[in-house]
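The values are calculated or read from the model by the stated rules, or taken from the named source; none is laboratory data. Note that this is a predicted model, so its numbers are computed, not measured. Counting neighbours? That spans all protein chains shown, and the Cβs are built from the backbone with ideal geometry, glycine included.
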Amino acid sequence: MEAVSSTPLVSVIIPAYNAQDYVAECVTSVTGQTLENIEILVVDDGSTDGTRAIVQDIADHDNRVTLLTQANQYAGVARNNGMDHASGEYLYFLDADDFIEPDALEKLTGIAERTGVDIVVARSNSHDADTHEESLIDYTIKDVPTETVLSNKDYAGTTFQSFIGWPWDKLFRASFIHEHDLSFQALRTTNDAFFTFVALAIADSIYCTDAALFHHRTHNATSLEATRSKSWENALTAVRAIGEYLKSTNEHSLIERSYNNWVSHFILWNVQSLDRSTAVTMMDASYPLLEMLPTDKDYYYEERDYRFVELVRQSRSQLILTALDGDWHVGDLWRQLCETRDWVKVLEKRIADRDNTIEAQARQIHDLDQHEREIYRSASYRVGNIAIKPLSLAKRFLHKR
């Protein structure tokens with residue numbers, strides 16, 4: 001293959017860890033792009049299988065492919081490592097078990113060059129690792145106009161609801177990323193949420209296309225996403241970091257409501273997807289974040305997210321942890337909470353009625369006791385007592401006889 005320009009248009013960064021079953025398909029889907037002026041940086045994250053050998057073999061036949069290696073530090077650090085070596089005008093991040101359409105990069109860069117936006121977002125298909133069946137992922141671009149330039153204020157109010165915090169369906173202008181010194185978090189899981197959501201939050205403009213250009217592999221047992229229970233706390237670390245960053249931006253007032261809604265939704269989603277013991281631990285750690293959220297029902301975009309926050313405020317852990325024993329849903333929890341609160345109200349009324357009865361009886365006893373003392377102190381009682389005293393003496397005399 002002929003040498004490409006010294007300045008590639010796109011740097012494709014692929015973190016890879018024990019991905020020998022899929023990495024060849026992933027990388028060759030990039031080398032086969034209709035856009036040839038690219039560089040491909042595969043960062044091996046300490047694999048113990050044949051991943052490095054497979055990538056090196058591809059690199060030996062295509063000088064656009066570079067294999068970088070590091071000790072196992074997870075995908076976030078691997079992506080940062082790739083960015084440190086990238087020289088393209090645009091950055092594209094692809095997971096080692098996914099693959100892309102042959103014209104994906106050409107379409108993405110064409111839009112970016114024509115419009116000058118900071119980020120281009122395209123649609124994706126899910127690809128079942130077992131059956132190879134595909135279906136559109138319909139929640140990655142939601143409730144925002146497509147095929148047009150969107151300024152930040154056009155989508156800021158639903159940033160966290162309209163997009164997903166993964167990078168592989170987005171093309172980023174490298175100068176924009178470098179200007180804001182954005183990087184991925186060094187976390188085992190949820191390491192891409194900070195980079196992706198913050199980039200969307202501070203971008204001057206973006207463009208969403210309806211073209212489905214990516215294939216995201218699901219039901220991959222080797223994916224770290226399948227073992228999130230080992231690093232559930234990473235999700236909360238990402239949530240806190242995003243919130244703290246947004247507070248320092250000019251866009252905070254526009255995006256705050258969207259972020260707060262997402263906090264409730266994201267924590268609920270994580271808790272529901274974990275095993276019971278891990279979910280219990282995560283719930284305990286989540287209370288400080290959840291208890292700071294607004295209490296106004298109208299503030300929330302989805303009733304289930306409001307219900308979850310209200311549930312936490314009303315019942316803390318007891319009802320939630322009991323419900324976690326089975327296949328639970330926030331709607332079921334809400335009904336249980338309402339039933340419990342109704343029963344508590346009945347008990348509280350019964351207790352109040354009992355207390356009122358006891359108080360009334362106590363007043364009656366006090367009044368009778370007071371009346372008795374007044375009788376003993378009265379003049380008529382003393383005169384009467386003197387009058388019957390001789391009769392009492394006579395009675396005792398006769399009794400002795």
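Summary table below
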quantity: Of all residues in the stretch 54-75 being part of a helix (DSSP H, G or I) and under 10 Å from residue 43 (Cβ atoms), the one that is nearest to the chain's Cα centre (by Cα); calculated: 75
quantity: Residue 164 vs. criteria farther than 30 Å from residue 283 by Cα, outside the structural domain of residue 301 (by TED's automatic domain parsing) and in contact (Cβ under 8 Å) with a residue 12 or more places away in the chain; calculated: no
quantity: Residue 214 being under 21 Å from residue 108 (Cα atoms), touching a helix residue (DSSP H, G or I) at 6+ places or on another chain (Cβ under 9 Å), modelled with pLDDT of 95 or more and part of a strand (DSSP E or B); calculated: yes
quantity: Any hit, the stretch 76-95, residues being touching a helix residue (DSSP H, G or I) at 6+ places or on another chain (Cβ under 8 Å), part of a loop (DSSP other than H, G, I, E, B) and over 28 Å from residue 159 (Cβ atoms); calculated: no
quantity: Residue under evaluation residue 216, criteria (1) touching a residue at least 24 places away in the same chain (Cβ under 8 Å); (2) farther than 23 Å from residue 124 by Cα, criterion not met; calculated: (2)
quantity: Residue match in the stretch 178-192 (condition: more than 25 Å from residue 80 (Cα to Cα) and of a type outside the set (Gly, Ala, Ser)); calculated: no
quantity: Leading residue by the ranking (farthest from residue 228 (Cα to Cα)) among those in the stretch 29-52 that are touching a residue at least 24 places away in the same chain (Cβ under 8 Å) and part of a helix (DSSP H, G or I); calculated: 31
quantity: Subset of the stretch 284-306 (residues that are surrounded by fewer than 21 Cβ atoms within 10 Å (Cβ to Cβ) and not in a loop (DSSP other than H, G, I, E, B)); calculated: 284, 285, 287, 288, 289, 290, 291, 297, 298, 299, 303, 304
